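Just below is one structure, and these are the notes that go with it.
The values are calculated or read from the model by the stated rules, or taken from the named source; none is laboratory data. On a predicted model such as this, the values are computed, not experimentally measured, just so you know. Positions of Cβ are backbone-derived with ideal geometry, glycine not excepted, and every protein chain shown enters the neighbour counts.
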Amino acid sequence: MAPEAQTGKQPSPAIVFDTLNGFQRTEALKTAIELELFTAIGEGNSTAKAIAERCGASERGARILCDYLTIIGFLTKERDNYSLTLDSATFLDKRSPAYMGTISNFILSPHIKDKFDQLTETVRKGSTADTAFEPDHPMWVEFARSMQPMMAMPAQLMAQLVDPAKDRKLRVLDLAAGHGLYGIAFAKQNPQVEVTAVDWPKVLEVAKENAQAAGVADRFHTNPGSAFDVDYGTGYDLVLLTNFLHHFDPSTCETLLRKVHAALVDGGRAATLEFVPNDDRVTPPQAAAFSMQMLGGTPSGDAYTFAELEQMFRNAGFARSELHELPPTIERVVISHK
């Protein structure tokens, strides 16, 4: 039976045309962020002429860009006046405390973006070369600085989920800490938390700046080096694994998790924040689609289902794991018990 007979719809080339032109969405949003277009509209500049003057752009360019951003859902339009959507006002107006326009600096960096020019060959091989785990690779400092706005909310929500009582002493090991916001969130909400952060030396400088700004520098310690190589020590109540396991194949993850298990006290926990797709591997869309990022950007990483993560932790010696939603973020938390 023909597909159109099954669905009652006629075939359309729209999805093919739209997807092949998908790069325009990326560049339009990047340009709007660079021109501070969303901030300009938030300030009350609603016409193409006013927006162009505020952004230092041509009126024709501003009109076409604003119309396109309306089409793809970032703006609304009534007559000749443009307005911000709720998402744009929250995340793309620089006056908003939740502004995250800086994440484009990392997500669209050449090291991330250019690898997808070779995606056909990567799919053939099932892997891509990666040099990002060299100690002085600049992309991780860029990550630590640029991605902070997107990580602030999940860090706070994760701390509330994992340490709701906030009234007992916790030694926390934050692996691949990056900006340090996850460990810092635990330290800010619980004055009895002591954090040790592991990452490359230059990245940890960013984390230390953030700990100082948050007022927890006296309880924020660093252990520079690779999470696979440094000696963690022992006696930790909690180990944080935030957006880290997806870079590696299951065997490599299990090697790391055995070190994590050994570093924990009896009854200790590992808290993992990840893009966790459902078992069908196509829902929810953002978490499931993250596998493509790992295919294009790492030799063997993936977005793992809860069943896959649970198996890794079990193989590493953990007794049980549980999955938690973390709304409104697009990630989930797995808490694994020693």
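Here are some notes:
- Boolean, K202 is more than 17 Å from A270 (Cβ to Cβ), modelled with pLDDT of 95 or more and part of a helix (DSSP H, G or I): no
- Residue that is within 18 Å of the chain's Cα centre (by Cα), assigned by TED's automatic domain parsing to the domain that holds Y182 and exposed (fewer than 15 other Cβ atoms within 10 Å of the Cβ), where the choices are E331, E274, E325: E325
- Qualifying residue in the stretch 71-79 (condition: assigned to a strand (DSSP E or B), of a type outside the set (D, E, K, R) and in contact with a helix residue (DSSP H, G or I) (Cβ under 7 Å, 6 or more places away or on another chain)): yes
- Some residue of the stretch 106-114 being closer than 30 Å to S46 by Cα, surrounded by 18 or more Cβ atoms within 10 Å (Cβ to Cβ), touching a residue at least 24 places away in the same chain (Cβ under 8 Å) and out of contact with any Pro (no Cβ under 8 Å at 6 or more places or on another chain): yes
- Scan of the stretch 163-175 for residues that are among the aliphatic types (A, V, I, L, M) and over 19 Å from the mean Cα position of the chain (by Cα), ordered by number: A165, L170, V172, L173
- Taking (1) modelled with pLDDT under 90; (2) surrounded by 10 or more Cβ atoms within 10 Å (Cβ to Cβ); (3) aliphatic (A, V, I, L, M) in turn, A52 satisfies each apart from (1).
- Whichever residue in the stretch 204-236 is without any contact (Cβ under 8 Å) to a residue 40 or more places away in the chain and hydrophobic (A, V, I, L, M, F, W, C) and, among such residues, is surrounded by the fewest Cβ atoms within 10 Å (Cβ to Cβ): A213
- Once the stretch 294-310 is narrowed to residues that are touching a residue at least 60 places away in the same chain (Cβ under 8 Å) and either of a type in the set (F, W, Y) or not in a loop (DSSP other than H, G, I, E, B) (or both), the residue that is surrounded by the most Cβ atoms within 10 Å (Cβ to Cβ) is L309.
- Hits in the stretch 21-64 - residues which are touching a residue at least 12 places away in the same chain (Cβ under 8 Å), out of contact with any helix residue (DSSP H, G or I) (no Cβ under 8 Å at 6 or more places or on another chain) and β-branched (V, I, T): T26, T39, T47
- Some residue of the stretch 132-147 being of a type in the set (S, T, N, Q) and either within 20 Å of N243 (Cα to Cα) or surrounded by 17 or more Cβ atoms within 10 Å (Cβ to Cβ) (or both): yes
- Filter pass, K259 being part of a helix (DSSP H, G or I), at pLDDT below 95 and of a type in the set (K, R): no
- Among the residues of the stretch 101-114, those identified as part of a helix (DSSP H, G or I) and either modelled with pLDDT under 85 or closer than 15 Å to S146 by Cα (or both) are I103, S104, N105, F106, I107, P110, H111, I112.
- The stretch 277-292: number of residues that are part of a helix (DSSP H, G or I), touching a residue at least 24 places away in the same chain (Cβ under 8 Å) and surrounded by fewer than 18 Cβ atoms within 10 Å (Cβ to Cβ): 1
- Condition met for I51 (out of contact with any Ser or Thr (no Cβ under 8 Å at 6 or more places or on another chain) and within 23 Å of L108 (Cβ to Cβ)): yes
- Here V16 passes the criteria (1) farther than 22 Å from S104 by Cα; (2) assigned to a loop (DSSP other than H, G, I, E, B); (3) among the hydrophobic types (A, V, I, L, M, F, W, C) except the one numbered (2).
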